[in-house]
Amino acid sequence: MAVLMYGFWMVLNGRITGELLLLGLPVAGVAFFFMCKFCDWSLKKEWGLYRCIPLIAAYLGVLLWEIIKANLAVSRVIYKGKPAPVVRTVNTTLKSRMARLMLANSITLTPGTITLTLKGDEITIHCLTPEMAEGLDHTVFEKRLAKIEEVLHG
């Protein structure tokens, strides 16, 4: 987060000068100290976040690929004109609220599926066809998020 805050500082300034580069360091440091003191953040979480960058990049790649595949599937359903909506509830094994939220949002971003509710480890999903509802038990999203969660929380 400290690196992100420093980068955000540079973006907000709109130009790169020596003064802004030097002034950004204490500003990002104070913001990071504030996060550690009042927002339950720590250096351990910071390093865990940096270790997760390759996993997060891979997750975003999988998400993009699934969105492309789902777009093609929705196109076929629209072309055939035979949607058969289904509402399905699935349980997730993800432990953290953030991971469950990312899973629910990833499902919603994928065309043909919309997350209706997220209560605890239970996710209710509306699917355009029964075939889209079949693979929702242990999605590739959940597996990738579990790996990220393992690195972050041990």
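The values are calculated or read from the model by the stated rules, or taken from the named source; none is laboratory data. Being a predicted model, the structure only gives us computed values, none of them experimental. So basically every Cβ, Gly included, is an ideal-geometry build from the backbone, and we count neighbours across all protein chains shown. Note: areas computed on protein heavy atoms with side chains; ligands, DNA, RNA excluded. Shrake-Rupley method; radii C 1.70, N 1.55, O 1.52, S 1.80 Å.
For the range 36-52, the set of residues classified as among the basic types (Lys, Arg), surrounded by 10 or more Cβ atoms within 10 Å (Cβ to Cβ) and at pLDDT 85 or above consists of ARG51 only.
Determine whether VAL11 is exposed (fewer than 12 other Cβ atoms within 10 Å of the Cβ), more than 17 Å from the chain's Cα centre (by Cα), on the phi < 0 side of the Ramachandran plot and without any contact (Cβ under 8 Å) to a residue 24 or more places away in the chain.
On the way: exposed (fewer than 12 other Cβ atoms within 10 Å of the Cβ): yes; more than 17 Å from the chain's Cα centre (by Cα): yes; on the phi < 0 side of the Ramachandran plot: yes; without any contact (Cβ under 8 Å) to a residue 24 or more places away in the chain: yes.
The answer is yes for VAL11.
Scanning the range 82-111 for residues that are open to solvent by less than 20 Å² (accessible area, probe 1.4 Å) and not β-branched (Val, Ile, Thr) yields LEU94, ALA99, LEU103, ALA104, SER106. Condition first: assigned to a helix (DSSP H, G or I), in contact with a Gly (Cβ under 6 Å, 6 or more places away or on another chain) and farther than 19 Å from GLU150 by Cα. Can you find one or more residues in the range 22-33 that meet it? So far as the range 22-33 goes, no, none of its residues is assigned to a helix (DSSP H, G or I), in contact with a Gly (Cβ under 6 Å, 6 or more places away or on another chain) and farther than 19 Å from GLU150 by Cα.
Within the range 57-77, residues that are surrounded by 13 or more Cβ atoms within 10 Å (Cβ to Cβ) reach partners that are among the β-branched types (Val, Ile, Thr) with beta carbons closer than 6 Å, at six or more positions or on different chains, in the pairs VAL62/VAL140; GLU66/THR110; ILE67/THR110; ALA70/THR110; VAL77/THR129. The conditions are (1) touching a residue at least 12 places away in the same chain (Cβ under 8 Å); (2) part of a helix (DSSP H, G or I); (3) within 20 Å of ILE148 (Cβ to Cβ), and TRP41 fails exactly one of them. Which is it? Tallying (1) touching a residue at least 12 places away in the same chain (Cβ under 8 Å); (2) part of a helix (DSSP H, G or I); (3) within 20 Å of ILE148 (Cβ to Cβ), TRP41 fails exactly one: (2). Taken over the range 1-21, the criterion of being under 12 Å from ALA31 (Cβ atoms) and in a loop (DSSP other than H, G, I, E, B) is satisfied by MET1 alone. Evaluate the following for ILE114: is it open to solvent by less than 20 Å² (accessible area, probe 1.4 Å) and hydrophobic (A, V, I, L, M, F, W, C)? Against the criterion (open to solvent by less than 20 Å² (accessible area, probe 1.4 Å) and hydrophobic (A, V, I, L, M, F, W, C)), ILE114 does not qualify.
For the range 117-141, filtering for residues that are surrounded by fewer than 20 Cβ atoms within 10 Å (Cβ to Cβ) and part of a helix (DSSP H, G or I) leaves 4.
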